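Student: Take a look at this one; I'll ask things after.
The values are calculated or read from the model by the stated rules, or taken from the named source; none is laboratory data. All figures in this text were calculated on a predicted structure; none of them were measured in a lab. Here the Cβ is made from the backbone with ideal geometry for all residues, glycine too, and neighbour counts use every protein chain on show. All accessible areas refer to the heavy atoms of the entire protein, side chains included, with ligands and DNA or RNA removed. Shrake-Rupley method; radii C 1.70, N 1.55, O 1.52, S 1.80 Å.
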Amino acid sequence: MIETTAALKEACIQLAKSEFITIDTEFLRETTFWPELCLIQMASPDLEVIVDPLAKGIDLAPFFALMADTSVVKVFHAARQDIEIIHHLGNLIPQPIFDTQVAAMVCGFGDSISYDQLVNRIKGVQIDKSSRFTDWSRRPLTDKQLDYAAADVTHLRDAYLSLKEQLEREGRALWVSEEMAVLESASTYDMHPDDAWLRLKSRLRKPTELAILKFVAAWREREARSRNVPRSRVLKDDGLFEIAQQQPKDTEALGRLRTIPKGWERSASGAAIIEAVNAALALPKTDMPHAPKHVHVPEGTAAAVELLKVLLKLVADRQGVAAKIIANTDDLEKIAAEGENAQVGALSGWRRDLFGDTALRLINGSVALRFVDKKVEAVEL
């Protein structure tokens, strides 16, 4: 367990000599907006370390310098939350990145395989996950917790090497590189408060309702960040939707809403919401947001979408790739409705070579699906 800046610096110097390092973090987030980093685990082919970021006086600068070292590949499994923590605390994105969960989808291990399942399938090792939901902020940590934490990076070395070898053997390394570009983009982790409304699953469609939703969601986002509390501690999603629909312009109207606690309308938060509502209503109609457009599937094309789903599964199974990484239902609907003009990932790059071209020929009538010997196959007409 590394508990001093000097020890961390020395460990990072040694780790930086390797072509790759595996990384994982343990954190808490139940009562905060930003994850509370409790542990950092790293391993190279010949070194394993556990870093205590809660140790008194420790400076994580050597760790962030290692994350910024482009000569070392940083290997994660399901990297988004780990990278979000590094981005928030160190104001950087580790580069280059290799996510074994993404690579596993390309290598035929199914959609979003868990770390313990991946390790079991590659190494035949069963990882004890009983410490997964323990309180990582409490000190001292038990030997069982430390063993669990170390296993998250030691077995990851073999998983990485196995997946890397398979990708290179099958000529699919570029496929994973395209996915890594998303993980290496700062925009993936730094959502602007004005865009917070876009992540909400809402049925609102009127421009005035959407404008209010946008303004109040932006206020909630800033408030949650500044207070470092979960969004729901500031205002639940149901409250956002009711405010957008009822459009309260004053304290009295806000206090009548079902989702607003009694007396809350007279607080500073209540005043801020009323200000946000009135500011949204004052927008010119041309500046109000519109609901994201959903592709209208012309009548009669629903069957085409179902055929495309069968083709997608057929291709995914034959190529040993998770269908999810090739295309989703929205992509298939757009292809069925718009054909060659559909702006989807499935019609570009390796996805087009693997699936997109055949999908277009299917809806154009030059490819058919048939059932032979208890199997579905695609045939040229």
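Student: Over the stretch 227-278, with the other protein chains present, what is the accessible area per residue in square angstrom, probe 1.4 angstrom?
Tutor: Roughly 58 Å² per residue, with all protein chains present.
Student: I've got another one for you. Rounded to the nearest 0.05, what FRET efficiency is calculated for residue 130 and residue 245 with R0 set to 45 Å and r the Cβ-Cβ distance?
Tutor: 0.50
Student: Also, I was wondering about something else. Just the accessible area per residue of the stretch 1-119, please: how many Å² with a 1.4 Å probe?
Tutor: In whole numbers, the stretch 1-119 has 40 Å² accessible per residue.
Student: For the chain, give the percent of accessible area contributed by carbon and sulfur heavy atoms, probe 1.4 Å, rounded to a whole number.
Tutor: After summing per-atom areas, the C and S share lands at 49 percent.
Student: Give the peptides 38-47, 246-255 in descending order of average Cβ contacts within 10 Å, highest first.
Tutor: 38-47, 246-255
Student: Give me the orientation-averaged projected area of the Cα convex hull of the stretch 5-188, in nm², one decimal.
Tutor: Its average projected convex-hull area is 10.5 nm².
Student: Two-decimal Rg/Rh of the stretch 193-282 from alpha-carbon positions, Kirkwood Rh?
Tutor: Ratio value, two decimals: 0.92.
Student: With runs of 4+ DSSP H residues as the only contributors, calculate the mean residue ellipticity of the chain at 222 nm using -39,500 (n - 2.57) per run, divided by the residue total and rounded to the nearest 500.
Tutor: -14000 deg cm²/dmol
Student: Which of the helices in the chain, when you take each full DSSP H run, stretch at least 18 Å along the axis at their Cα atoms and have an average Kyte-Doolittle score of -1.0 or higher?
Tutor: 143-169, 207-227, 268-281, 302-319
Student: Follow-up. Quick check on the stretch 5-188: of the DSSP beta bridges with both residues there, what percent are antiparallel, nearest 5%?
Tutor: Just about 65 percent of them are antiparallel.
Student: Using Cα centres only, tell me the gap between the stretch 341-379 and the stretch 13-47 in whole Å.
Tutor: The distance from the Cα centre of the stretch 341-379 to that of the stretch 13-47 comes to 41 Å.
Student: Straight-line reach only, C-alpha to C-alpha below 16 angstrom: list the aspartates and glutamates that residue 313 could link to, leaving out same-chain residues fewer than 8 apart.
Tutor: 111, 330, 331, 333, 353, 357, 377
Student: With the cut-off at 30 Å, tell me which of the pairs 206/236; 249/334; 206/324; 334/375 have Cα atoms farther apart than that.
Tutor: Beyond 30 Å: 249/334; 206/324.
Student: Please report the antiparallel percentage of the DSSP beta bridges confined to the chain, to the nearest 5.
Tutor: Here the share of antiparallel DSSP bridges comes out near 70 percent.
Student: Also: Could you tell me the calculated FRET efficiency between residue 28 and residue 310, based on Cβ-Cβ distance and R0 = 56 angstrom, to the nearest 0.05?
Tutor: With a Förster radius of 56 Å, E is 0.80.
Student: Tell me, what is the per residue accessible area of the stretch 301-380 in Å², probe radius 1.4 Å?
Tutor: 52 Å²
Student: Still on this structure: Report D for the stretch 301-380 in µm² per second (integer): Stokes-Einstein, Kirkwood Rh on Cα pairs, 37 °C, 0.692 mPa s.
Tutor: 265 µm²/s
Student: In addition: Using just the C-alpha positions of the chain as equal point scatterers, what log10 of I(q)/I(0) does the Debye formula give at each q in 0.13, 0.15 1/Å?
Tutor: Reported log10 I(q)/I(0), two decimals: -1.16, -1.24.
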